[in-house]
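Each value in this text was obtained by applying a stated rule to the coordinates, not by laboratory testing. Every value quoted in this text rests on a predicted model; they were computed, and no experiment measured them. Note that each Cβ is placed from the backbone with ideal geometry, even for glycine, and that neighbours are counted across all protein chains shown.
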Amino acid sequence: MDKFIIKGGKKLKGTVEISGSKNAALPILMATLLTDETCFLNRVPNLRDIRTTIKILEELGKKVIYDNGTVEVRSKRKLKTTVSYDLVKQMRASFWVAGPLLTRFKKASIPLPGGCAIGVRPVDIHLRGFEKMGAKVSTEKGNVVVKAKKLHPVKIILSFPSVGATLNLMMCASLIPGKTVLENVAREPEVGDVIKALQSMGANISLDEKGRIIIEGVSKLHGMNHTVIADRIETGTFVIAAAATRGEVEITECVPEHNEILLEYLLDAGFNIETTQDTIKITCRNKKIKPVNMKTAPFPGFATDLQAPWMSLMCLCSGSADISEDIFENRFMHAPELVRMGANILIDRNTAKITGVKSFSPAVVMASDLRGGMALVIAGLCAKGTSVVERVYHIDRGYEIIEEKLTELGANIKRHNPVLVGEEE
Ligand code: EPZ
C-alpha cells in the first residue's frame, strides 16, 4: 500500500489550480444511464472513485472512454439492472445507479453500498422516496431490490436534506410523466451541477424560490456535453493547508462563493482572504491562529468534508476551539492520529474539544478515510521533521495528483510505493 513521506515545516507558497468536483462528476456519470445517446463530460478528475464509477457503467453495459479529463459514455448493449458487490462495496455513490435504472427499466438490484467508514450511512431516505413513487422495496441475497409496475409523480418531503437521496430521487423523477416536487432537499453546489447536466439532457427540472426541486417528467432524455464544476472540498483543503503552514497561496479555477463560510471562519481565525470570481488568495496576518468554534451542517453550512482538515488547523490555535460534527456520527477517526502527532483533542460524543499546541510533531500515522487522511497530510506538512502517512489509497479516492500539487507549492512530499521498490508489505 502506498504511503506519503512528508518532510514538514515549510510554508506552502504559490498557485494551485483546482480540479473538477468528484462529488458532482460521480452522479453526472450515473445520469448517463438515463439515456442511450452519447454523453461527453469534461473536467472529470482522475480519481479512484471515478475509475470505480466507470467500471460500474461498463459492467452495466456502457462503453466508456476516459481521456485526460474528458469522459465519453456510449451505449454498447441493453443495460443490466444489477451491479456486482465487488464494485459497490468500494463506494457509497454506487447506489446512485438505483434511480436511473428504476425509472428506465422499472427494476434495480444493488448490494448495500460501502464507502468511507464514517458512520452507519443508511439509504432509507432514498428507498422511502422510491416507495412513494410506486416502487416495492425488498432485500434479496444481500441486495436491495426496487421494482415497480408503474412509477408516478409525487410530492416528497425528505426527512433530512440528504445529498444522495436528493440526487437519486431527482434522476428517477426526470423520466416519470407528471410533476414531482421534492422538499427539504440538499442544496449543495454539486446538486445544482447535476440539475444543470440533467437540463442539458432535456430534463424539465428546476429549483423554485422556496428551495424545492420541481420536475416535470419527460418521456426521453438525450446525450449531453457538460463541464463539471470546481471541487469545493479540494479548494477548501488547499486554503486550510496554506493557513496551517502559515503560507501564501492563490487557488485558481475555483468558485469562492461555494466556500463562503470557510473563508469567513478563516478571516475570524486571523488570515487575510482576497477573492475574485474564480480565485482565492490566502495570506497570514498574524503569527497566532485565533480559535474558532465550528459545527458542520448541510450547505450553505460548514461542509462535513472539511471538518477533518479544519481540525488540523484548529490544533494549532492559541486557545481552545470546539468542533461539532452534526452530519456523520463517526467522523473523528483522524483525531487519535492527530493526537499521536502532538495535538490535544478530547472527544465528547459528536464534539471535539481542542486545546491548541504550538506545533505538530512528526510521526507515522494511518489514514482511515479520505478527508481524515488529508488532515494527517496537513499535520505532516506543518510538523518539522519526517512524517509518514500510511494507507494513501483513501486519499487517492478524492484528491487528484495531490502530491504533485503540494510539491508545486513547495512541500516536500513523496509517494512511497512498496511494490515498485520491491518491499514486503
Ligand atoms: C455525500 O454523501 C458526499 N458523497 C459526502 O462526501 C458528503 O460528506 C455528504 O454528501 C454530506 O455532504 C458524495 O457526494 C459521493 P448524505 P451522501 O446522504 O450522499 C444520513 C467525501 O468525503 N442519511 O447527505 O452519502 C447519513 O447517514 C464524501 O467526498 C440517512 O440517514 O451523504 C448521514 O449521516 C464522504 N439516510 C447524513 O444523512 C439516508 O437514506 C448525510 O448523508 C441517507 C443519508
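Quick one: putting +1 on the C-beta of Lys and Arg, -1 on the C-beta of Asp and Glu, what dipole do you get for region 22-227 around its Cα centre, in Debye to the nearest 20? Don't jump to the answer; show the numbers that get you there.
Working: 32 positive and 18 negative charges, 141 e Å.
For this selection, approximately 680 debye.
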For region 59-160, the Cα gyration tensor yields equivalent-ellipsoid semi-axes (√(5λ), largest first, whole Å) of 24, 18, 14
Computed about the Cα centre, the charge dipole of the chain from +1 Lys/Arg and -1 Asp/Glu charges at the Cβ has a magnitude in debye, to the nearest 20, of 1000
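At 0.36 nm per residue, and after removing the present C-alpha to C-alpha distance, how many nm does the segment from Ser320 to Lys149 gain when stretched out fully?
Roughly 55.8 nm would be gained on extension.
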Percent of alpha-carbon pairs separated by more than 27 Å within region 22-227 = 21
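Could you tally the net charge around Lys7, taking each other residue with its Cβ under 10 Å from the Cβ of Lys7, Lys/Arg +1 and Asp/Glu -1? Provide the component values of the computation, followed by the final result.
Working: positive: Lys10, Lys384, Lys414; negative: none.
Spelling it out: positives minus negatives among the neighbours equals +3.
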Order of Ser109, Ser324, Ser159 under a 10 Å beta carbon neighbour criterion, fewest first | Ser159, Ser324, Ser109
Calculate the tail of P(r) for region 112-220: the fraction of all Cα-Cα distances greater than 25 Å, expressed in %.
-> 20
Measuring from the longest principal axis of the C-alpha atoms of the chain, the long axis of helix 232-244 (C-alpha) lies at a number of degrees, nearest 10, equal to 10
In region 22-227, taking the dipole from +1 charges on Lys and Arg beta carbons and -1 charges on Asp and Glu beta carbons about the Cα centre, the listed residue (Gly202, Ser94, Gly69) farthest towards the positive end is Ser94
Put a dot 7 Å past each Cα toward the Cβ at Glu253 and Lys210; how far apart are the dots in nm?
-> 4.1
Could you go through region 26-33 in sequence order and give the Karplus-derived ³J(HN,Hα) for each residue, using 6.51 cos²θ - 1.76 cosθ + 1.60 with θ = phi - 60°, rounded to whole Hz, and x for Gly and Pro?
-> 4, x, 5, 4, 5, 5, 5, 5
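With each run of n ≥ 4 DSSP H residues scored as -39500 (n - 2.57), what mean residue ellipticity at 222 nm is computed for the chain after dividing by its residue count and rounding to the nearest 500 deg cm²/dmol? Mind dumping the intermediate values first?
Details: 13 runs with 124 residues, N = 425.
Only helices count here, giving -8500 deg cm²/dmol.
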Plugging the Kirkwood radius over Cα pairs into Stokes-Einstein for the chain, at a temperature of 10 °C and a viscosity of 1.306 mPa s, what D comes out in µm²/s?
-> 72
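Taking the number of other C-beta atoms within 10 Å as the exposure measure, put Leu87, Leu221, Leu376 in order starting with the fewest. Mind dumping the intermediate values first?
Working: Leu87 19, Leu221 25, Leu376 33.
Ordered from fewest to most neighbouring Cβ atoms within 10 Å, Leu87, Leu221, Leu376 come out as Leu87, Leu221, Leu376.
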Which entries in Lys3/Lys384; Lys76/Lys179; Lys196/Lys290; Lys179/Lys295 show an alpha-carbon gap greater than 28 Å?
-> Lys76/Lys179; Lys196/Lys290; Lys179/Lys295
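Take every DSSP beta bridge with both residues inside the chain and express the antiparallel ones as a percent of the total, to the nearest 5. Before the final figure, lay out each step's value.
Values: 58 of 76 bridges.
Approximately 75 percent, going by the DSSP bridge assignments.
Go ahead and run the numbers for FRET between Ile401 and Phe40, Cβ-Cβ distance against an R0 of 22 Å, rounding to 0.05. Provide the component values of the computation, followed by the final result.
On the way: r = 23 Å, r/R0 = 1.02.
Efficiency, rounded to the nearest 0.05: 0.45.
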